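Notes follow once the structure below has been shown.
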Amino acid sequence: MATTRAQAVVPTVRILGTHGVPANYGGFETAAENVALFLRDQGWRVIVYCQAEGKGPIVTDEWNGIERVTIPVAATGWIGTSRFDLRSIAHAVRRPGLCLTFGYNTAIFNIWQRLARIPNIINMDGIEWSRARWGKIRQAILYANERIACVVGDTLIADHPEIEVYLRRKAPQRKLTMITYGAHRVDDAPEQPVRDLGLEPGGYFTLICRPIPENSILELVAAFSQERRGVQLAVFGDYRPDDDEYHRAVVDAASDEVRFVGSVYEPDRIAALRFHSLGYFHGHTVGGTNPSLVEAMAAGNPVLAHDNAYNRWVAQDAALYFTTVSEASERISRLVGDLELRAGLAAAARERHATEFTWEHVAGQYRDVLASHLERTHDDRRTLDPAR
């Protein structure tokens, strides 16, 4: 019996905007990996564009059933990212498949997909242009690209209700959908990664974030250091007090119970360090759904979070909240001294994660959005392309 045209269709998606898979860089890469694996298991053909350093030809290979298109670029930083994005899009628009783009930093290039009539679903991240760390010129570039993405994107994904509210001022409601970030539940983990850093399981809190002022690191370190705690605060990240004034202020504010343990990128090690901690400090003041906060909740961490609409929606009853150093210090004292409080927050964290932030739930929403655009693709873009 002949195969029908409908049966021959293989839904195809090309994932752009990240450093690629396997994830070893940041939140977008982790999201791309988990969405890609989920779609693979759902019968999709998934192609992920991967950035490499140096010069040379584009290389295609496979990783865990995911097709990879690795594009080398000689430049670094923003210039390198821009060149990679441009070459990725140039490759994608000549081949079958929907596009799923993480980030709008180079949305000017996404005009190409619009001209080629290829549906492009764009994850809009947080209000990235508003971050002071970029400086005025980069802020202006990001703001312009955000506006372009709102025009050329077919669906705009907000990772938090507050981001969706913001985007309503930039794009029609029909384009918007809210999909959060996910994390895998952590029910057990080895103790060795903890001991390797000179920490004791159950004897420390974690503070895991980029070392910049908008993450309230100075306030949290100062609050923790106001009195003897009998436990440690493990501060993760690359601190260079000799080169950075803010880093120096953080280090100077720290008591001898604060440990600067450096950067840890391996997911299994991070999961173990979270799982064996007393809780997690989250000082982020801007952005949408923060991956680090979600991952802490997935590990059952009680949370101390900066009091703002972003963190309140994500953590809800799983956190204590602060706005000042004195408030943070008082909340830390409660967390250290009240085992029942920590247990209640930990249970709430696991419940909140299970309700909203599992990768099955998150990636399933991506699948539904992508599937809604399949009928709008040309038939020749919905079938396998042997040349890739």
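Every number in this text was worked out from the coordinates using simple rules, so none of it is lab data. Only a predicted model underlies this, so the values are computations on that prediction, with no experimental measurement involved. For neighbour counting, all protein chains shown are included, and Cβ atoms are generated from backbone atoms with ideal geometry for every residue, glycine included.
Take the range 192-356, compute every pairwise Cα distance, and split them into 5 Å bins from 0; I just need the percent in each bin.
Per 5 Å bin, starting at 0, the Cα pair percentages come out as 2, 10, 20, 24, 23, 16, 5, 1, 0.
List 60, 289 from most exposed to least, where exposure is judged by having the fewest other Cβ atoms within 10 Å.
Going from least to most buried by this count: 60, 289.
Two-decimal Rg/Rh of the range 112-197 from alpha-carbon positions, Kirkwood Rh?
Working: Rg = 17.9 Å, Rh = 15.3 Å.
In the range 112-197, Rg relative to Rh is 1.17.
Normalised by the residues of the range 1-140, what does the relative contact order come to in percent, with Cα pairs under 8 Å and at least six apart?
With pairs under 8 Å counted, the relative contact order is 21 percent.
Mind computing the radius of gyration and Dmax over the alpha-carbon atoms of the range 243-304? Å is fine for both.
Radius of gyration, then largest Cα-Cα span, for the range 243-304: 13.3, 36 Å.
Out of 213, 344, 10, whose Cα points farthest toward the positive end of the dipole of the chain (charges: +1 Lys, Arg; -1 Asp, Glu; placed on Cβ)?
Selected residue: 10.
How much net charge surrounds residue 68 when only other residues with a Cβ under 10 Å from its Cβ are counted (Lys, Arg +1; Asp, Glu -1)? Each step should come with its number before you reach the end.
Working: positive: none; negative: 61, 62, 67.
Charge balance in the 10 Å sphere: -3.
Counting Lys +1, Arg +1, Asp -1, Glu -1, what net charge surrounds residue 133 among other residues with beta carbon under 14 Å of its beta carbon? Working shown, then result.
On the way: positive: 131, 136, 138, 210; negative: 128, 214, 244, 245.
Residues near residue 133 contribute 0 overall.
Provide the net charge surrounding residue 152, with neighbours chosen by a C-beta distance below 13 Å and charges set as Lys +1, Arg +1, Asp -1, Glu -1. Display every interim value, and only then the final one.
On the way: positive: 114, 117, 147, 170, 175; negative: 146, 154.
For residues surrounding residue 152, the net value is +3.
Return 270, 79, 118 ranked ascending by Cβ neighbour count within 10 Å, so the fewest neighbours appear first.
Details: 270 21, 79 11, 118 25.
Ranking 270, 79, 118 by Cβ neighbours within 10 Å, fewest first, gives 79, 270, 118.
What list do you get for 303, 165, 21 if you sort them by fewest beta carbons within 10 Å?
Details: 303 25, 165 13, 21 22.
The order, fewest Cβ neighbours first, is 165, 21, 303.
Contact order normalised by length for the range 192-356, with contacts defined as Cα pairs under 8 Å and 6 or more residues apart; what percent is it?
Working: 287 pairs, mean separation 39.3, N = 165.
This gives 24 percent for the range 192-356.
³J(HN,Hα) across the range 350-355 via Karplus (A = 6.51, B = -1.76, C = 1.60, θ = phi - 60°), whole Hz, x for Gly/Pro?
Values, residue by residue: 5, 5, 5, 4, 5, 6 Hz.
Rounded to two decimal places and with Rh computed the Kirkwood way over Cα pairs, what is Rg over Rh for the chain?
Values: Rg = 21.9 Å, Rh = 22.1 Å.
Ratio of gyration radius to Kirkwood radius for the chain: 0.99.
Once R0 is set to 35 Å, what does the formula 1/(1 + (r/R0)^6) return for the Cβ-Cβ distance between residue 143 and residue 245, expressed as a FRET efficiency to the nearest 0.05?
With R0 = 35 Å, the Cβ-Cβ based efficiency is 0.85.
Around residue 237, which amide H atoms from residues at least 5 apart in sequence, or from another chain, sit under 5 Å from its own amide H, with H modelled in the peptide plane?
Amide H to amide H, under 5 Å and 5 or more residues apart or across chains, residue 237 pairs with 261, 262, 263, 264.
Taking only C-alpha pairs under 8 Å that are 6+ residues apart, what is the relative contact order of the chain in percent?
16
With both bridge residues required to lie in the range 192-356, what share of the DSSP beta bridges run antiparallel, to the nearest 5%?
Given both bridge residues lie in the range 192-356, the antiparallel proportion sits at roughly 0 percent.
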